[in-house]
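Student: First the structure, which I've put down as structure tokens, then a few questions once you've had a look.
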Amino acid sequence: MPVANASHGTSGVAERYASSLFELALEAGVVDAVGADLDTFQALLTESDDLKRLVASPVFSSEDQSRAISALAAKAGIAGLTANFLKVVAGNRRLFAVPGMIVAYREIAAAHRGEITAEVTSAHALDEAQETELKAALKSVTGKDVKVVLTVDPSILGGLIVKVGSRQTDTSLRTKLSTLKLALKEVG
């Protein structure tokens, strides 16, 4: 089965691995379970500087990386297809590309479900009603179900930055103030 192109910011290596993982997960009927395991691994990676070093450093041998990933996966409850996938990636010395693989897998799985992902940055966390309203607005614009990945960045002061695919809409207060400052410089 052909898989949708997930080239938004991922390398060819990451895309190929993610595509293979998705096809195996689809065949086994575990697409969502693999996605959840990848989310768990991503959270571990975000939280641990030691894991980031293990993944990024060429100093560790593939055997060291494989042993560490196996132990970590077992401890985190990551098993089956995802655990085997991470071991293969480590054995092939491609752990550095795992973050890109996770992004590509999410994109492929979302495309398969007929869903798109919107990366939204806000100055503060959105409540459930605001998130529901945002999803409805994005669905009316795109015509597809939208999964929102929310990031909080207080430096934007207010408003939202919404990125869907290659399109970005920036209604942040920081950008509006920068535009106003530039306009005032041109006048004065």
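The values are calculated or read from the model by the stated rules, or taken from the named source; none is laboratory data. None of these values were measured; they are calculated from a predicted model. Please note that ligands, DNA and RNA were not included when accessible areas were found on the heavy atoms of the full protein model with its side chains. Shrake-Rupley method; radii C 1.70, N 1.55, O 1.52, S 1.80 Å.
Student: Roughly speaking, what is the stretch gain from E27 to R93, that is 0.36 nm per residue apart minus the C-alpha to C-alpha distance, in nm to one decimal?
Tutor: Gain on stretching E27 to R93: 21.2 nm.
Student: Helix 128-142 versus the longest principal axis of the chain: what is the Cα-based angle in degrees, 0 to 90, to the nearest 10?
Tutor: 90
Student: Test of understanding: what is the full-extension gain from E186 to T151, defined as 0.36 nm times their sequence separation minus their Cα-Cα distance?
Tutor: Taking 0.36 nm per residue and subtracting the Cα distance, the gain is 9.3 nm.
Student: Okay, helix-only estimate at 222 nm for the chain: each DSSP H run of n ≥ 4 adds -39500 (n - 2.57), divide by all residues, round to 500 deg cm²/dmol; what do you get?
Tutor: -19500 deg cm²/dmol
Student: If you roll a 1.4 Å probe over the heavy atoms of the protein chains, what accessible area per residue do you get for the stretch 91-188, in Å²?
Tutor: Per-residue accessible area for the stretch 91-188 comes out at 62 Å².
Student: Helix 31-47 versus the longest principal axis of the chain: what angle, 0 to 90°, nearest 10, using Cα atoms?
Tutor: With rounding to tens, the tilt is 80 degrees.
Student: Given Cα positions, please report Rg to Rh for the stretch 1-126, the hydrodynamic radius being the Kirkwood one.
Tutor: So for the stretch 1-126, dividing Rg by the Kirkwood Rh gives 0.97.
Student: OK, next. With springs connecting C-alpha atoms under 10 Å apart, model the chain as a Gaussian network and identify which of I102, I116, I161 has the largest mean-square fluctuation.
Tutor: I161
Student: If I fit a long axis through the Cα atoms of helix 62-76 and take the longest principal axis of the Cα atoms of the chain, what angle between them do I get, 0 to 90°, rounded to 10?
Tutor: Rounded to the nearest ten degrees, it is 70.
Student: Given a 10 angstrom Cα cut-off, can you work out which residue in V98, V59, V30 is the most mobile in a GNM of the chain?
Tutor: Sorting by GNM fluctuation, first place goes to V59.
Student: Please list, in chain and number order, the residues 5+ apart from D145 or on another chain whose amide H is under 5 Å from its amide H, with Hs placed from the backbone.
Tutor: I116
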